[in-house]
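Below: the structure, in structure tokens.
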Amino acid sequence: MMPDMEDMEEQDRAAETEDELNGQNASYEGGEATHAETGQAGARASDQKSWKSTFKEYAEAIITAIVLALIIRAFVVQAFKIPSGSMLETLQIGDHLLVNKFLYGLDLPFTDERIFAIRAPEGGDIVVFKYPEDPRRDFIKRVIASGGQTVEGRDRLIYVDGKPVPEPYIKHTETIILPGDVSKRDNFGLIRVPEGKVFVMGDNRENSHDSRFWGFVDFKDIRGKAFIIYWSQDGGILYPRWGRIGDLLH
């Protein structure tokens with residue numbers, strides 16, 4: 001028996017409705033999957049962005065610290081270590097010093113001039129400078145006389161502009177005084193210091209290679225004035241000299 005047309009239409013409409021519902025369910029399920037995948041991708045992107053932001057912050061902080069350290073080292077203070085005993089007893093082997101580079105002025109690039117100097121080196125200053133006979137090396141000595149002054153050594157006593165200089169800091173290790181025709185160690189002069197230069201000597205007078213033997217130091221070659229011992233050790237970091245740390249230099 002053939003079904004009538006109304007029954008067939010109802011069956012067709014029911015099938016279409018079922019197909020639509022199935023399509024909607026599939027679309028809904030697919031939407032859930034797509035939303036989950038999008039969420040995971042967003043989380044990964046957020047984590048990656050957060051990591052990049054953190055890395056950028058650390059990199060900027062490190063670069064800033066390095067630039068500031070270089071500026072401070074170049075223009076303000078610099079650290080040096082004492083390798084020899086030429087400044088005993090004032091400075092011991094193993095002392096670590098800070099040097100004020102700003103006091104005598106800042107080097108003007110590509111010139112021999114300095115700017116913003118507070119004052120010139122003067123007698124009694126302990127200075128770090130480029131060794132005139134080998135500028136690659138740094139020496140540390142005490143300024144005895146500066147440009148325009150006269151200096152003379154008579155039987156180990158130092159005279160500047162004809163007046164004896166009190167030197168409570170010096171150390172003598174030899175008992176024999178050598179005449180000037182044998183050595184300039186104990187007797188030398190009369191010497192006039194040229195402008196723009198200084199005459200320096202070590203406090204350990206019989207064990208210092210200084211201006212008595214090789215001449216003057218150019219003002220432009222002075223790195224700065226030593227002013228404090230920030231660390232001191234006797235032979236190794238496990239043997240600190242606590243009593244010297246923080247001592248100001250005179």
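The values are calculated or read from the model by the stated rules, or taken from the named source; none is laboratory data. None of the values given here were measured: they were computed from a predicted structure. We place every Cβ from the backbone using ideal geometry, glycine too, and count neighbours over all the protein chains shown.
Could you identify the single residue in Gly180, Gly153 that is surrounded by fewer than 21 Cβ atoms within 10 Å (Cβ to Cβ), small (Gly, Ala, Ser) and in the same structural domain as Gly105 (by TED's automatic domain parsing)? I'd like the intermediate steps shown before the answer.
Working: Gly153 fails: surrounded by fewer than 21 Cβ atoms within 10 Å (Cβ to Cβ).
Going through Gly180, Gly153 in turn, just one is surrounded by fewer than 21 Cβ atoms within 10 Å (Cβ to Cβ), small (Gly, Ala, Ser) and in the same structural domain as Gly105 (by TED's automatic domain parsing): Gly180.
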Run down Tyr169, Tyr159 and say which single residue is in contact (Cβ under 8 Å) with a residue 12 or more places away in the chain, hydroxyl-bearing (Ser, Thr, Tyr) and assigned to a strand (DSSP E or B). Tyr159
Selection over segment 128-150 where residues are in contact with a Lys or Arg (Cβ under 8 Å, 6 or more places away or on another chain), under 20 Å from Thr90 (Cβ atoms) and of a type in the set (Val, Ile, Thr) yields a count of 1
So Ala120 clears everything in (1) closer than 18 Å to Ile222 by Cα; (2) exposed (fewer than 12 other Cβ atoms within 10 Å of the Cβ) except one condition, right? Which one? (2)
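Residues are listed down the side, and each one gets a yes or a no for (1) modelled with pLDDT under 95; (2) more than 23 Å from His250 (Cβ to Cβ):
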{"site": "Val127", "(1), (2)": "no, no"}
{"site": "Arg142", "(1), (2)": "no, no"}
{"site": "Val151", "(1), (2)": "no, no"}
{"site": "Leu157", "(1), (2)": "no, no"}
{"site": "Lys184", "(1), (2)": "no, yes"}
{"site": "Gly189", "(1), (2)": "yes, yes"}
{"site": "Gly215", "(1), (2)": "no, yes"}
{"site": "Phe227", "(1), (2)": "no, no"}
{"site": "Tyr230", "(1), (2)": "no, no"}
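Would you call Lys171 within 22 Å of Gly85 (Cα to Cα), touching a Leu at 6+ places or on another chain (Cβ under 8 Å), of a type outside the set (Asp, Glu) and surrounded by fewer than 19 Cβ atoms within 10 Å (Cβ to Cβ)?
Taking the combined requirement at face value, the residue satisfies it.
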Hey, can you tell me all the residues within segment 150-191 that are more than 40 Å from the chain's Cα centre (by Cα) and of a type in the set (Val, Ile, Thr)? Thr175, Ile176, Ile177, Val182
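Check Gly235, Gly224 and return the single one that is in a loop (DSSP other than H, G, I, E, B), on the phi > 0 side of the Ramachandran plot and touching a residue at least 12 places away in the same chain (Cβ under 8 Å). Quick ask: steps written out before the conclusion?
Values: Gly224 fails: in a loop (DSSP other than H, G, I, E, B).
Among Gly235, Gly224, only Gly235 is in a loop (DSSP other than H, G, I, E, B), on the phi > 0 side of the Ramachandran plot and touching a residue at least 12 places away in the same chain (Cβ under 8 Å).
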Read through the list (1) crowded, with 18+ Cβ neighbours inside 10 Å; (2) outside any loop (DSSP other than H, G, I, E, B), then give the number of the only condition that Leu190 fails. (1)
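Return yes or no: is Gly162 at pLDDT below 95, over 21 Å from Ala120 (Cα atoms) and surrounded by fewer than 19 Cβ atoms within 10 Å (Cβ to Cβ)?
Numbers: at pLDDT below 95: no; over 21 Å from Ala120 (Cα atoms): yes; surrounded by fewer than 19 Cβ atoms within 10 Å (Cβ to Cβ): yes.
Considered against the rule, which asks whether it is at pLDDT below 95, over 21 Å from Ala120 (Cα atoms) and surrounded by fewer than 19 Cβ atoms within 10 Å (Cβ to Cβ), Gly162 comes out as no.
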What pairs come up if the first residue lies in segment 137-149 and is among the polar types (S, T, N, Q), the second is not in a loop (DSSP other than H, G, I, E, B), and their beta carbons are under 7 Å apart, counting only those six or more places apart or on different chains? Ser146/Val198; Gln149/Val160
